[in-house]
Amino acid sequence: MAELLIHHSESPAFQVIILGSGGGPSEDNVSGHILKSAGQPWKENSLLAVDAGVHLSGIINILEAHKDLNTQSPQDGAISICPFSEAHLPFKSSRANAGHILRELVSAFLITHSHLDHISGLAIATAALKNVKKCKRIAALPHTITALRKHIFNDFIWPNLSDEDGGVGLVSYLRLPEAASEYIWVAEGLSVQAWPVSHGHCMRKHNHRGSNAGLRASISSLQGASTPAICEQPCVFDSTTYFIRDEITLGEVLMWGDVEPDSISLSPRNFEVWAVAAKKVFEGKLRAVFIECSFDNTQADACLYGHLNPRHLYEELTTLAKQVVLLREETAQDALLQREASTDIEMDTAWKSSRKRKRMNAGWGDGQRIPGRRWGDGPRVILEEFLDGEPVGAAGNDQEDRLAIRRNSAGGVSPKCTVSDPEEEPSEFALSQPDGVIKSKQYSVLENGDGPGIFGLDDHNNGGDKAPEFDFSLRPLDGLLIVVNHVKDSLEDDVDTVEQVYADLQEFEKKHNLGCTFVMAKKGLTIFF
């Protein structure tokens with residue numbers, strides 16, 4: 001019988017059916033998933049296949065495990081353990097019903113990259129697409145579509161069943177925009193946003209498609225070269241990670257293809273994805289992350305071949321957790337500044353109504369001292385200059401100017417202010433740095449940063465100080481489901497790599513307490529979240 005996991009069952013956004021969970025070498029259990037919006041009925045185009053190393057055979061195996069499918073129905077609101085029990089399948093045999101699911105219910109195949117363990121089931125299943133109402137779509141980033149068109153559906157490896165290059169028109173290609181802000185509709189109630197990531201590099205040094213090749217061409221053009229320089233160096237292989245959004249709840253799931261850690265990549269790009277994901281965690285939108293962990297920790301970095309092991313997977317999740325912490329701290333700081341700005345406006349209004357002279361000194365006059373004001377946890381600040389009773393500089397009339405000056409000065413020091421106590425140091429922030437970078441004892445923030453990489457987690461601006469420490473006591477990833485897949489079988493007696501990977505991850509979680517929940521993917525498992 002298929003297994004069922006319900007995570008946050010009060011309002012699930014997704015149903016995911018795992019057709020294949022492994023990373024090989026056995027061909028019967030490689031990457032393959034079916035996604036459905038939990039709030040959508042089972043109907044035409046309601047299912048999305050994400051990777052298809054295994055597809056039809058996975059569906060048939062699940063149906064075979066439920067011979068009483070046609071008589072099975074949920075009772076008392078309970079969800080049946082059979083993932084297809086509500087699909088109203090019309091045929092008697094599991095094979096015929098699997099064909100119906102493929103032809104009628106699956107809207108599209110969302111492919112992360114073109115390696116065989118992610119596409120072989122797709123290629124073979126296309127033979128069952130005769131007499132379909134319209135072309136079955138294959139959605140992916142352009143580089144993956146190019147690989148499928150040139151090297152799979154090319155009348156050599158497999159017949160050209162596409163509607164391009166003179167094919168027969170059973171499938172069509174949907175080229176997704178790269179790292180775009182919009183989401184693209186792929187199935188009923190589901191839309192997707194695609195981000196390129198790195199999946200190792202070729203063993204030989206050459207120049208062809210891939211992130212490094214494009215980067216070299218851009219650099220050459222900036223340097224004024226008439227033609228792009230051909231650099232004989234390893235070429236990074238591109239994979240994809242997808243944010244998939246449920247249009248009913250606006251909940252999201254992040255599904256990674258094969259990926260390597262940023263720490264050893266020739267073209268690290270995971271950080272940008274985690275930066276986007278952190279905002280979704282902070283807003284409560286990200287329900288789960290499906291991500292690979294191909295080896296246990298005994299696999300050396302040099303032998304990862306574009307994959308993760310538990311050590312690197314937890315390192316990547318820690319990157320996500322750090323950015324969630326930064327978002328929380330930045331939001332708290334902004335709220336404090338807003339409250340203080342409101343107080344400042346009230347104080348300024350009172351001062352304007354009672355002003356008696358046009359100019360005041362920096363805190364001393366006629367034996368009276370003007371009370372200083374604290375901004376955040378910074379030093380005491382004395383207003384230095386008033387013109388016609390109107391403060392300038394840090395005490396300007398505009399609330400937004402005041403907030404901007406406070407952010408840029410970090411410790412509350414501006415050109416128009418003096419510190420009342422020279423011995424008093426800021427308790428949290430250091431003085432402002434050039435180029436819009438603020439140094440902090442806790443972290444550095446790129447104030448003028450653009451795009452997803454707004455938070456600087458590295459230590460290159462810390463003057464050689466220790467790497468910033470992060471407080472995970474509040475469990476920044478609490479409630480986030482991490483589904484670990486693509487574990488490779490060692491094919492050895494008494495070795496269970498899946499159990500070892502899980503034990504390694506649990507040990508890291510016990511020590512660092514990010515708060516996430518780890519689940520090991522399993523063929524036939526259905527998850528509601």
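The values are calculated or read from the model by the stated rules, or taken from the named source; none is laboratory data. The structure presented is a predicted model; accordingly, all values stated were derived computationally and were not measured. Note that each Cβ is placed from the backbone with ideal geometry, even for glycine, and that neighbours are counted across all protein chains shown. Each accessible area value is taken on the protein alone, full model and side chains, heavy atoms only, with ligands, DNA and RNA left out. Shrake-Rupley method; radii C 1.70, N 1.55, O 1.52, S 1.80 Å.
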To one decimal place, what orientation-averaged projected area in nm² is obtained for the convex hull of the Cα set of segment 486-529?
4.2
Peptides 102-115, 257-270, 494-507: what's the order by average Cβ count within 10 Å, highest mean first?
102-115, 257-270, 494-507
If you average the alpha carbon positions of segment 316-346 and of segment 98-162, how far apart do those two centres end up, in angstrom?
46
Could you tally the net charge around D51, taking each other residue with its Cβ under 10 Å from the Cβ of D51, Lys/Arg +1 and Asp/Glu -1?
-2
For E10 paired with A341, estimate the spin-label separation in nm (one decimal), with each label point 7 Å from Cα along the Cα-to-Cβ line.
3.4
If you rank M520, M255, M347 by how much accessible surface each has, with a 1.4 Å probe, what is the order from largest down?
M347, M520, M255
I need to check one value: relative contact order of segment 77-181, counting alpha carbon pairs closer than 8 Å and at least 6 residues apart, in percent.
23
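Filter K36/K136; K92/K133; K36/K522; K43/K134; K43/K133; K136/K488 down to the pairs with a C-alpha to C-alpha distance above 21 Å, please.
K92/K133; K136/K488
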By how many nm would the segment from A180 to E27 lengthen if fully extended, with 0.36 nm per residue of separation less the alpha-carbon distance?
51.7 nm
Highest average packing first - 11-24, 88-101, Cβ atoms within 10 Å
11-24, 88-101
Please give me the summed charge of the neighbours of V132: other residues whose Cβ is under 15 Å from its Cβ, Lys and Arg +1, Asp and Glu -1.
+3
Between T331 and I157, what is the label-point separation in nm under the 7 Å Cα-to-beta-carbon projection?
4.4
Which distance in nm do the two modelled labels at A503 and A300 give, with both placed 7 Å along the Cα-to-Cβ direction?
2.3
